[in-house]
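Notes follow the structure.
The values are calculated or read from the model by the stated rules, or taken from the named source; none is laboratory data. What you see is a predicted model, and the numbers here were worked out from it, not measured in a lab. Virtual Cβ from ideal backbone geometry, glycine too; neighbours counted across all protein chains shown. Please note that ligands, DNA and RNA were not included when accessible areas were found on the heavy atoms of the full protein model with its side chains. Shrake-Rupley method; radii C 1.70, N 1.55, O 1.52, S 1.80 Å.
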Amino acid sequence: ISGSCLGGGSFFGLCKLLTGRRDFQDIVDMSRKGDVQNVDLLVSDIYGKGFVKDLGLAEDLIASSFGKVAVSTTSDSSEYRSEDMVRSLIFMFANNIAQIACLLAEREGIHNIIFSGGFIRDNAYVWSKISFGLDFWSGSRLQALFMDHEGYLGALGAYLLYEEEK
């Protein structure tokens, strides 16, 4: 139905700027060592852990990706670990992709969404964050599907369109 400019290319470009790394798989591996709580502002950072629990919210709910960086008094990026920044970017992208997908699915009246692309390929963390975001934004009404061989999805779509137009 649609796509987004938020994906593998955007993610990789930002990661190259933030980390100086030039290999996509190296960046994905780096993300596995990251902790978003070191750069992201959590709801519990704003309201306190006790109040967040009283509201029935998770203590690790992210209020602002890179929010701790934004409110920091320093402008020295070396204060932050590359692993943490990459992990935060993954969450930020996955969450936005899930929200866009939810809005499109609701507009089109569909319940199963197939995700594909380089950003998603073979990355269980991305899959879990997109699935979580989709579940959250849709109130558990939508299902995220991830393909093992998504590189052929475009060819399959072209074939089905051709067959439909015959």
| query | What is the distance, in nm, between label points placed 7 Å from the Cα along the Cα-to-Cβ direction at LYS166 and at HIS111? | reply | 3.0
| query | Among 33-42, 69-78, 145-154, 87-96, how do they line up from the highest to the lowest mean number of other beta-carbon atoms within 10 Å? | reply | 87-96, 33-42, 145-154, 69-78
| field | Dipole magnitude of the chain about its Cα centre (Cβ charges: Lys, Arg +1; Asp, Glu -1), debye to nearest 20 | value | 200
| query | Going by the alpha-carbon gyration tensor, a ≥ b ≥ c the square roots of its eigenvalues, is the range 51-96 rounded (a/c under 1.5) or, if a/c is not under 1.5, prolate (a/b greater than b/c) versus oblate? | reply | oblate
| note | Rounded to the nearest 0.05, FRET efficiency between HIS149 and GLU59 (Cβ-Cβ, R0 45 Å) equals 0.70
| Accessible surface, per residue, of the range 1-113 when the full set of protein chains is kept, probe 1.4 Å, Å² | 57
| message | Tell me whether the chain comes out rounded, prolate or oblate; compute the Cα gyration tensor, take square roots of the eigenvalues as a ≥ b ≥ c, and use a/c under 1.5 as the rounded threshold. | response | oblate
| query | So what's the back-of-envelope 222 nm ellipticity for the chain, counting only DSSP H runs of four-plus at -39500 (n - 2.57) apiece and dividing by all residues, rounded to 500? | reply | -17000 deg cm²/dmol
| said: Can you tell me the length gained on complete extension of the stretch ILE46 to SER78, counting 0.36 nm per residue apart and subtracting the Cα distance? | reply: 9.1 nm
| Going through the range 1-86, which GluC sites (Glu not before Pro) have at most 15 other Cβ atoms within 10 Å and a DSSP loop state? | GLU59
